[in-house]
Every structure is written in C-alpha cells, then in structure tokens.
1. For Tyr60, are the conditions met, namely being in contact (Cβ under 8 Å) with a residue 24 or more places away in the chain, in contact with a Lys or Arg (Cβ under 7 Å, 6 or more places away or on another chain) and either surrounded by 12 or more Cβ atoms within 10 Å (Cβ to Cβ) or charged (D, E, K, R) (or both)?
2. Inside the stretch 25-38, can you point out the residues that are exposed (fewer than 15 other Cβ atoms within 10 Å of the Cβ) and within 10 Å of the chain's Cα centre (by Cα)?
3. Kindly establish whether Arg22 is surrounded by 14 or more Cβ atoms within 10 Å (Cβ to Cβ) and among the basic types (Lys, Arg).
4. Which one is nearest to the ligand (Cβ to nearest atom), of the residues in the stretch 11-61 that are farther than 16 Å from Met1 by Cα and of a type in the set (Phe, Trp, Tyr)?
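Any read-out appearing in this document is the output of simple, stated calculations on the displayed coordinates, not a laboratory observation. Note that the coordinates shown come from a computational prediction; the quantities given were computed from them, not determined experimentally. Here the Cβ positions follow ideal geometry from the backbone for every residue, glycine too, while neighbour counts run over all protein chains shown.
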Amino acid sequence: MSINYICLRCEWHEKFPYDAVRSFELLDDADQSAPPQFVCGVCGGTMYPEYYKGVQGNEYRIDNVRGE
Ligand SMILES: [Zn+2]
C-alpha cells in the first residue's frame, strides 16, 4: 500500500509507502490538523497526499487544500 502525494505548486506526484508516511506522522505527533507533508524534489513546493487517513482516524484530501 502506498500513498500518492501531489505537489501543490507544480503537480509533480510521487508515491510513498504507507508505513513510511505513518511513521513520519507518529514522529510529528503535535499537529493533527495536517497530514505528513513532504518537500517537492522538483520545485521545492509542498507535497500533499491525494488521500490519507491518519493514525487518529483523521482523513485528509488534497481537494481540501487546493482551494478554488
Ligand atoms: Zn513541485
């Protein structure tokens, strides 16, 4: 299982293993309002998961942050 991440700036996408994303979330235990995010290797923008369900059951969708 892997999580598809998409760059909010340039639309570059990359898959990360679910286990890696999950352990990243567990390390960063403070903020439940946002999913684990990565830096785009192409443009340096923010990579956001297309869909990710966090360890606390929170669901994150890129549609929620893409704006208008
Ligand atoms: Zn990018």
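1. no
2. Within the stretch 25-38, the subset exposed (fewer than 15 other Cβ atoms within 10 Å of the Cβ) is 26-34.
Of everything in the stretch 25-38, just one residue is exposed (fewer than 15 other Cβ atoms within 10 Å of the Cβ) and within 10 Å of the chain's Cα centre (by Cα), namely Ala34.
3. On the way: surrounded by 14 or more Cβ atoms within 10 Å (Cβ to Cβ): yes; among the basic types (Lys, Arg): yes.
Against the criterion (surrounded by 14 or more Cβ atoms within 10 Å (Cβ to Cβ) and among the basic types (Lys, Arg)), Arg22 qualifies.
4. That would be Trp12.
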